[in-house]
Amino acid sequence: MPQSQGIHEQRLTAAAAVRARAEHAEWAEMLAYADRLITEYSQTTEYFRRQAQLKSIALEIAVAMHLSEGQVHRRLSCARAIRQQAPTVWAAFAAGVVDGQRAAMISDAVDKLVRPESVATLDTKVIDYAQTHTSVELRGWLKRFIVRVEADLFNERAEAERADRNVDVVHGDDGMAWLNAYLPSHVAAAIMNRLTREAKTLTHDPRTIAQRRADLLAAWLTTNETGEAATGADIAVIIPLGTLLGLSDAPAVSADGAWIVPAKWITNTANNPFWHKLLVDTGGNVLEHHYTGRFAPTVLEKALIFRDGTCQAPTCTKPAAHCENDHRQPRPHGPTHGANMWPQRPLAPSALQPTSPDEIPQHHHLDPALRPHHRRRTSPTRSLSSGVSGCGRRR
């Protein structure tokens, strides 16, 4: 190593130590100021006034140091825990051996530990590791230390945390959102590994690995094994008529108004097979309801039952509620829409008299030539577009 390089590295190390000592001085001054005010305000005899004064301490420090109250509470909490329970760490912090970030991480570990002897052991061992490793490495070391010295308590905490597993969505700006899953670590690691492995198999794909992982996760959660819309994955959006006609760039808005996305993301049904669409005019009046998945949603199923009443095959009187709602023009060319659907009594494969195994139906999107029940009755039925009521059956 050139001598000049070594000198520069020493200067950088010294500068880091100066910064760490300055952080300690700041924390210590904040703690001293807070302790002085706590002592002063504790002399107030009136309870509610005393509580208000004590709660104002963080605000006073925040105003003086141009910090948020949350930042003040965090620093005071960390400083108090280290000063009282880990004096070796506090002294190393004062000497610039560890900085504020590492001190805060050690404080979090102190809070996790329950037994005093565990805290004492941490105080004597952590500095040797912390001063020679990065903050990321220190975080992993602290996790392993806690498990090693208090394995029984770790298991109890893990079980308690596992009971809080959940999934939630936080909608952000510009049409994007965070899907957060709080899961056991081994499950989350397995999910990430599978996403990465599958993403790498998509060769000659212009998307980044991160984008492929995100798209794969979305596809797996919104479709079933056959790639069709997953049951219950119904989302309603409102798209202005002018947008669909190309006269406006107004975005699509969720029915509850919680999120907004570019309308073209919704109208690209090839990539969004699970959307409901509510076509509205400028006054908010619904002009058309359209579903782009294969199977009719509950609201459309009920509308078909009220509209038609019975199976629409000639001479069949089976109640519509006991029929399958089939497409007149089969998918994918025929839409899942009231004008293209009717209740049909399901037929056994033998009724079709197939001439080869390939002609045995696997679902009810059959060639009308092979299915007698695909012949439309001649009696007209009411259109869903004109509304449906309990009296919507044919006479």
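What to note about this one:
- Filtered by the rule that a residue be surrounded by 12 or more Cβ atoms within 10 Å (Cβ to Cβ) and acidic (Asp, Glu), segment 172-206 gives Glu198, Asp205.
- Scope segment 45-59; condition under 41 Å from the mean Cα position of the chain (by Cα) and either under 17 Å from Ala28 (Cβ atoms) or not in a helix (DSSP H, G or I) (or both); matching residues: Ile57, Ala58
Results for (1) hydroxyl-bearing (Ser, Thr, Tyr); (2) closer than 26 Å to Pro87 by Cβ, shown as yes or no for each residue.
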{"site": "Val18", "(1), (2)": "no, yes"}
{"site": "Glu26", "(1), (2)": "no, yes"}
{"site": "Tyr41", "(1), (2)": "yes, no"}
{"site": "Glu46", "(1), (2)": "no, no"}
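- Residues (in contact with a helix residue (DSSP H, G or I) (Cβ under 8 Å, 6 or more places away or on another chain) and without any contact (Cβ under 8 Å) to a residue 12 or more places away in the chain) located in segment 126-136: His133
- Of all residues in segment 293-346 being in contact with a Pro (Cβ under 6 Å, 6 or more places away or on another chain) and acidic (Asp, Glu), the one that is surrounded by the fewest Cβ atoms within 10 Å (Cβ to Cβ): Glu324
- Flag for Lys125 being within 30 Å of the chain's Cα centre (by Cα), assigned by TED's automatic domain parsing to the domain that holds Trp90, part of a helix (DSSP H, G or I) and of a type outside the set (A, V, I, L, M, F, W, C): no
- Residue in segment 70-82 that is within 17 Å of Tyr129 (Cβ to Cβ) and either in a helix (DSSP H, G or I) or touching a residue at least 12 places away in the same chain (Cβ under 8 Å) (or both) present: yes
- Out of Glu198, Glu156, Glu161, sole residue that is touching a residue at least 12 places away in the same chain (Cβ under 8 Å) and assigned to a helix (DSSP H, G or I): Glu198
- Test result for His8, touching a Phe, Trp or Tyr at 6+ places or on another chain (Cβ under 8 Å) and either under 29 Å from Arg115 (Cα atoms) or in the same structural domain as Ala130 (by TED's automatic domain parsing) (or both): no
- Residue identified as under 30 Å from Ser118 (Cβ atoms) and either modelled with pLDDT of 90 or more or of a type in the set (Asp, Glu) (or both) among Ala17, Ala62: Ala17
- Filter result (among the hydrophobic types (A, V, I, L, M, F, W, C) and more than 29 Å from Ala158 (Cα to Cα)) within segment 175-218: Met176, Ala199, Leu202, Ile209, Ala210, Leu216
- Residue in segment 10-39 that is nearest to the chain's Cα centre (by Cα), counting only those that are surrounded by 11 or more Cβ atoms within 10 Å (Cβ to Cβ) and of a type in the set (D, E, K, R): Glu23
- Scan segment 1-44 for residues that are in a helix (DSSP H, G or I), of a type in the set (Val, Ile, Thr) and within 30 Å of Glu60 (Cα to Cα) and the total you get is 3.
- Taking the listed residues Ala62, Ala52, the one that is surrounded by 15 or more Cβ atoms within 10 Å (Cβ to Cβ), without any contact (Cβ under 8 Å) to a residue 12 or more places away in the chain and farther than 30 Å from Leu122 by Cα is Ala62, with no other qualifying.
- Looking at Ser77, Ser107, just one residue is surrounded by fewer than 16 Cβ atoms within 10 Å (Cβ to Cβ), assigned by TED's automatic domain parsing to the domain that holds His24 and under 30 Å from Ala15 (Cβ atoms), and that residue is Ser77.
The values are calculated or read from the model by the stated rules, or taken from the named source; none is laboratory data. Quantities reported herein were computed from a predicted structural model and do not represent experimental measurements. No Cβ is skipped: glycine too gets one built from the backbone with ideal geometry, and neighbour counts run over all protein chains shown.
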